[in-house]
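The values are calculated or read from the model by the stated rules, or taken from the named source; none is laboratory data. Remember, it's a predicted structure, so these values are computed and weren't measured experimentally. Don't worry about glycine lacking a Cβ; one is built from the backbone with ideal geometry, like all the others, and counts go over all protein chains shown. These accessible areas exclude ligands, DNA and RNA; they are computed on the full protein's heavy atoms, side chains included. Shrake-Rupley method; radii C 1.70, N 1.55, O 1.52, S 1.80 Å.
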Amino acid sequence: MSSSWQTPLHQAAAATFEELALLVPIDILDDEQRAAPLAPGMAVDFEGPFRGTLEIHVTENVLPGIAENMLGAFEAPSADEQRDALGEMCNVITGNVLPLLAGSTAVFRLHPPRLVAAPTPGAQAEVAFGLDGGRAEVFLRATEAAA
């Protein structure tokens with residue numbers, strides 16, 4: 001399952017960073033980007049033809065830029081606004097990747113974004129991008145088939 005999910009996750013995440021956050025994701029990370037710690041992230045659980053979670057984490061220095069670009073802000077958004085922007089990024093990536101995996105007629109129910117302290121292990125697919133001097137990591141995990 002994981003190898004077939006990698007490309008759709010990469011496509012959905014890269015397009016969302018470009019179109020929603022106005023950031024250009026780079027596939028090659030330098031040593032500094034790789035070493036930078038990830039901040040707490042956001043996760044969206046979903047149910048449909050299969051159940052799972054999409055999770056996104058970014059480095060601290062990338063989070064304000066995501067929120068500023070999404071909100072069109074000239075000043076640094078508050079910590080709550082930054083977290084909300086990351087939650088919306090997670091929501092949109094989830095909404096974009098699921099039709100790529102299950103087909104455009106599949107119906108999924110997305111739960112509200114929730115805060116996660118660190119990446120949860122067990123992802124079937126994951127992507128990492130260099131962004132504005134930091135990085136983003138996106139993880140996709142299926143837990144079980146829906147009943």
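Normalising by the residue count of the chain, find the relative contact order in percent from Cα pairs under 8 Å and 6+ residues apart. Relative contact order of the chain: 39 percent. All Cα-Cα distances of the range 1-66, cut into 5 Å bins from zero to the largest, leave 3, 13, 18, 28, 21, 11, 5, 1 percent in each bin in turn. Of the candidates Pro119, Pro64, Pro49, which one comes out as most mobile in a Gaussian network treatment of the chain with C-alpha springs shorter than 10 Å? Result for the chain, Cα springs under 10 Å: Pro49 fluctuates most.
Each of (1) 8.4; (2) 11.3; (3) 9.1 is a candidate for mean projected area of the Cα convex hull in nm²; the one calculated from this structure is (1).
GNM, the chain, Cα, under 10 Å: largest mean-square fluctuation among Ala73, Ala15, Ala39? Between Ala73, Ala15, Ala39, it is Ala73 that shows the largest mean-square fluctuation. Using only Cα atoms, tell me the angle between helix 2-19 and the longest principal axis of the chain; keep it within 0 to 90° and round to the nearest 10. Value to nearest ten degrees: 40. With the helix formula -39500 (n - 2.57) applied to DSSP H stretches of n ≥ 4, the chain reaches a computed 222 nm mean residue ellipticity of -12500 deg cm²/dmol. Take Thr105: with every protein chain present and a 1.4 Å probe, its accessible area is about 130 Å². Restricting the range 43-118 to GluC sites (Glu not before Pro) that sit in a DSSP loop and have at most 15 other Cβ atoms within 10 Å of their own Cβ leaves Glu60, Glu75. Carbon-plus-sulfur accessible fraction, the chain (probe radius 1.4 Å, protein heavy atoms only): 53%.
In the assembled protein chains, Leu100 presents an accessible area of approximately 90 Å² (probe radius 1.4 Å). Computed over the chain with a Gaussian network model linking Cα atoms closer than 10 Å, the most mobile of Leu23, Leu101, Leu54 is Leu101. Averaged over its residues, the range 41-86 has an accessible area of 43 Å² per residue, based on protein heavy atoms and a 1.4 Å probe.
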